[in-house]
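What follows is a single structure, written as structure tokens, with notes after it.
The numbers here are math on the coordinates, done by the rules we state, and not lab data. This one's a predicted model, so the numbers in the text were calculated from it and none came from an experiment. Virtual Cβ from ideal backbone geometry, glycine too; neighbours counted across all protein chains shown.
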Amino acid sequence: MAEYEIVCGLEVHTELSTKTKIFCSCTTEFGGEPNTHVCEICSGMPGTLPVVNEKVVEYAVRTGLSTNCTITQNNKFDRKNYFYPDLPKAYQVSQLYLPICQNGYVEIHSSKGGMKKVRIKEIHMEEDAGKLIHDAYSDCTLVDYNRCGVPLLEIVSEPDISSADEAVEYVEKLRDILRFAGVSDCKMQEGSLRADVNVSVMPVGSKEYGTRTEMKNINSFKAIHHAIESESARQIDLIEDGKEVKQETRRWDDTKGYSYAMRSKEDAQDYKYFPEPDLPPLSLSDEYIESIRKNLPELPEAKKARYMNDFGLSEYDTGLICASIPLVNLFEKTVEITNNPKDSANWILGEVSKMLNDTQTQPENMTFRADSLGEIINLLNGGKISRDSAKKVFKAVFEEDVNPAEYVEKNNMGMMNDTSAIKSAVEEVLKANEKAVNEYKSGKEASFNYLIGQSMRALRGKAPASEVTKILKELLS
Amino acid sequence: MSDILNMKALELAQKIKAKEISAVEAVEAVAAAKEAKDLKYNCYTSFNLESAVENAKTVQKKIDSNEDVGLLAGVPIAIKDNICTKGELTTCASKILYNFKPPYNATVIEKLHKNNLVPLGKVNMDEFAMGSTTETSAYGETKNPWDVTKVPGGSSGGAAASVAARESVAALGSDTGGSIRQPCSFCGVTGLKPTYGAVSRYGLIAYASSLDQIGPIAKDTADVAAIFSVICGKDEKDGTSMDTTPFDISDIISSKSLKGKKVGIPSDYFGEGINEEVAKSVMNAAKVLKELGAEVEEFAMPIVKYAIPTYYIIACAEACSNLSRFDGIKYGYSSPNAEMLRDVYIKSRSEGFGMEVKKRIMLGNFVLSSGYYDAYYNKALKVKGLISKAFSEAFEKYDFLLGPVAPTTALKMGEGLSDPLQMYLGDIYTVMINIAGLPSLALPCGFDSSNMPIGMQLIGKPFNEKTILEAGNAFQSATDYHEKMPETV
């Protein structure tokens, strides 16, 4: 059998996290009773007109700049025409001729070793469609327009991907970029990130691509990996059997683990694209693009490098924190307050993760004030509370969003900072333990630890151990 | 009461303001006129008397408490049936929207209310504004008040005929390729097709989005200017709308001279196919403009011959997409004979749309199909650019242009539909203006030997309606064609 290589390109669709839809002011919030997040515009009533949400344009530019794209300063919308009940206007407003971003790239690890660039052909803005729901009870199909008009970006790569691993890394990189750029929360389970996968195979070293097939709407990393492996194997089998790969659209069934043909190239729909006359072309000035570039949030690569180089975090810890934007935000706030990246990281990967685990909470759903964690670390490091108390305070913060300082005060968890009070307590302990004092003075070191223990007990653990040790040493010398 | 229908809108508004006539009386006068005449002319598709009376009462209260109610308070105005009126039938004269009541008002309707006008009655049109005769309406054809055996023109035939027949005081129409101007010409009334973008299209059920404009139809230029000043302006709901050059209505009304104005006449507007009586009347009008002080000269505009194919390609392409939403699923007509989804689409659309609409949908789909897109649609866009350029070159020399609206006067009923090519060619002088997005005022300038009105158009620079409205008023202050009315009315 000849050696084959995979040629794969991806079209990644991502929902933007703007508050309102692309052409009207309806909410983009996920869920909701059917047809409650709709108005006359997104439901395509006659006579209504779209007006572009400027946030969508800004997010698209941000995404383009974050993926090394050129921004198309004069870009425009086109109509893609087809009939389907989830598309109330019977056309989708998209960008075919002049997409907003072009010619970018994302760097990934090559399966052959080293880094490689996956080129991005274009990124365009478009509107999402609604959802059909088959109602088995009444045996009819119902349509929910809540998703109609939710803004999407379609990120189209060149066929630069040569393995399932590379494809997954490319999508992971894209997801990180989109989240760090603050344009999408990329919740795959809500369909806010999904990919169309184009696959072909060719003998290794060939200059000519094989015939490709497309699998649409794959929405998990695992499924992307599986689909590419399975589809490339199917194509190789066909070629080895002397059969032909047909250019077609296939549906990937992830539960069954195989794809089946949906429609061939001959049946491909003619979408009759033409410029959307209801929207004037978008003209983006240099100043506008530069202002977005200047305010671009720190992207994943840069952020990770900074955590490792400047903060001295391990690659592993960096990866854990950067896996979640809420954790990144909490970490950065905590560092800002404590000026102590190591302790901040340890707390987040320790107590915070533990609480998230114990309570089965997603980081997005943490409700406490972000400053609280830093405040607790400062109380601990400043000797104001003990480590045990710090953990208790954090639990209360996590569960009830209490104010750490107030909580410590109220629950009498504060450390004694009054040296004279500590001194008198230690003096009492020395009086009551003459035997141990004498043993220590005759050279038995272990008795010193015993005396510390007794003193701490007398102080009910509320004095800093360092202070107690210091006073004890003074009194015994 | 019949006096009220003979008044101009500004005149009626003055009498209402002076409390000589009440706003409710004005509405009732229109209702009475409709009752008396509409069986004969068939101008209206629906008539919302109750809500209009309520609105008139509200306006009257404001007048009675001496509020500042504006120039046209209390004036009833008829609305073309493709402009959305909240909670009231808006059908585009099509079976496919036979029961459609939009839950929103078009921006122009909101503006009419805000300025205390009273929308009253929806007026007939060619189905989805596709046609030049008002014969393709699902409600039956409207008759020309000057001769009921003739068409009123179209597609805003109901609007123009209602003004001519004294069934309405004024009306709003829409113009995609001449749909305001040509019926004005055929019915002897005055109408403005504003600059593309000068009036919000929000709530106008689209025929061809890049060409459609809403505009006023009335008895004279002053009324048209007053109504236009109420409905124009940038609308945040329409991304293609813009503010136009503002003007004071008194500037228009006091305009009696054209001294210092340079007027161009495109000689190619007088080529093959133009009726001699029409050509003569327009040339006579040119003399009047000269007498008013204007310098008038002819110039060549050879690109005229490409106007018709360019228009039909662009308009039909946009139309086939715009009309795809009428699919029998969400609102309007849904075929009772359909079971599966494909059937719902095919049968609802086949049974719901009329012939002319189907023809244009098919033409539009053809020019947009892959393989033909470049040969037709893309080429049409290029010619569109050339046509705009030809006009901007002309406007380097001239303040405005003068030409006929249509090559003929009103056709006999049935004549146009039986010879569609001839009917399409009848749009030759009007479609150019939509392609270039320019404002154009149509006004009467004579009568043919069978006493049918002849119209001319004054074509202006983009967003400069003021100049052509001033010229129109000057012309009408020197002539009385616009004062004539059909004898039988």
Point to revise | Förster radius 25 Å - calculated FRET efficiency between B:D419 and B:A36, Cβ distance, rounded to 0.05 | key: 0.10
Check your understanding: Of the cross-linked pairs B:K57/B:K461; A:K80/B:K330; A:K80/B:K397; A:K410/A:K441; A:K76/B:K384, which ones have a Cα-Cα span greater than 30 Å in the structure shown?
Key -> B:K57/B:K461; A:K80/B:K397; A:K410/A:K441
Practice item. Let me know the shape class of region A:308-395, please: from the alpha-carbon gyration tensor, a ≥ b ≥ c as square roots of the eigenvalues, rounded when a/c is under 1.5, otherwise prolate if a/b is greater than b/c, or oblate. Key: oblate
Study note, to complete from the structure: Going from the fewest other Cβ atoms within 10 Å to the most, one would list A:Y316, A:Y440, A:Y288 as A:Y316, A:Y288, A:Y440
Practice item. Return, ordered by residue number, the residues of region A:423-462 whose backbone nitrogen is under 15 Å from a label point located 7 Å along Cα→Cβ of A:K470. Key: A:423-424
Point to revise | Residues of region B:20-60 with amide N under 16 Å of a point placed 7 Å along Cα→Cβ from B:N275 | key: none
**Study point:** Entries of A:K131/B:K237; A:K216/A:K246; B:K15/B:K256; A:K222/A:K256 with Cα pairs more than 18 Å apart
**Key:** A:K131/B:K237; B:K15/B:K256
Practice item. Would you order B:D448, B:D251 from fewest to most other beta-carbon atoms within 10 Å of each residue's own beta-carbon? Key: B:D251, B:D448
Revision key, fill the gap. Between B:K150 and residues 5 or more places away or on another chain, the pairs with built amide H atoms under 5 Å apart involve B:N144, B:M413
Review point. Roughly what would the spin-label model give for B:D374 and A:D86, points 7 Å off Cα along C-beta, in nm?
Key: 3.4
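For Cα pairs less than 8 Å apart in space and 6+ apart in sequence, what is the mean separation divided by the residue count of chain B, i.e. the relative contact order in percent? Before the final figure, lay out the partial values.
Working: 1187 pairs, mean separation 86.9, N = 489.
Contact order relative to length: 18 percent.
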Revision key, fill the gap. HN-Hα couplings for region A:309-315 via Karplus (6.51, -1.76, 1.60; θ = phi - 60°), in whole Hz with x for Gly/Pro, come out as 6, 8, 9, x, 7, 6, 4
Revision key, fill the gap. Whole-Hz Karplus couplings 3J(HN,Hα) for region B:477-487, θ = phi - 60° and coefficients 6.51, -1.76, 1.60, Gly and Pro as x, run 6, 9, 10, 10, 4, 6, 7, 6, 9, x, 4
Exercise for review: Please say if region A:245-366 is rounded, prolate or oblate, where rounded means a/c under 1.5 for a ≥ b ≥ c the square roots of the C-alpha gyration tensor eigenvalues, and otherwise the choice is prolate for a/b larger than b/c and oblate otherwise?
Suggested key: oblate
Check your understanding: With each pseudo-label sitting 7 Å past Cα toward Cβ, what's the B:E298-B:E67 distance in nm, one decimal?
Key -> 5.6
Point to revise | Cα centre as origin, Lys/Arg/Asp/Glu Cβ charges: region A:71-215 dipole, Debye | key: 460
Exercise for review: Pull up all non-local amide H partners of A:N75: gap of 5 or more, or a different chain, and H-to-H distance under 5 Å with H placed in the peptide plane.
Suggested key: A:L282, A:L284
Point to revise | Anisotropy class of the protein assembly as shown from Cα gyration tensor, a/c 1.5 cut | key: prolate
**Study point:** Mean separation of Cα contacts under 8 Å, 6 or more apart, over the residue count of region A:4-283: relative contact order %
**Key:** 25
Review point. To the nearest 20 debye, what is the magnitude of the charge dipole of chain B about its Cα centre, counting +1 on the Cβ of each Lys and Arg and -1 on the Cβ of each Asp and Glu?
Key: 660
Review point. About the Cα centre of region A:4-283, what is the dipole size in debye to 20, counting +1 per Lys and Arg Cβ and -1 per Asp and Glu Cβ, all else neutral?
Key: 480
Study note, to complete from the structure: Quick calc, A:A302 & A:M416: beta-carbon distance into FRET formula, R0 45 Å, rounding 0.05, result 0.50
Exercise for review: Please tell me the relative contact order of chain A in percent, rounded to the nearest whole number, where contacts are Cα pairs under 8 Å and at least six residues apart.
Suggested key: 14
Practice item. Please work out how much length the chain gains when fully extended from A:N329 to A:E3, using 0.36 nm per residue of separation minus the C-alpha to C-alpha distance, in nm with one decimal. Key: 112.7 nm
Check your understanding: Taking K and R as +1 and D and E as -1, what net charge do the other residues with C-beta under 12 Å from the C-beta of A:V143 add up to?
Key -> -1
Practice item. Using θ = phi - 60° and the Karplus relation 6.51 cos²θ - 1.76 cosθ + 1.60, list the HN-Hα couplings for region A:355-363 in order, rounded to whole Hz, with x at every Gly or Pro. Key: 4, 4, 5, 4, 9, 6, 9, 7, x
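So how do A:E434, A:E11, B:E470 line up by other beta-carbon neighbours within 10 Å, fewest first?
On the way: A:E434 9, A:E11 17, B:E470 26.
Fewest-to-most Cβ neighbours within 10 Å comes out as A:E434, A:E11, B:E470.
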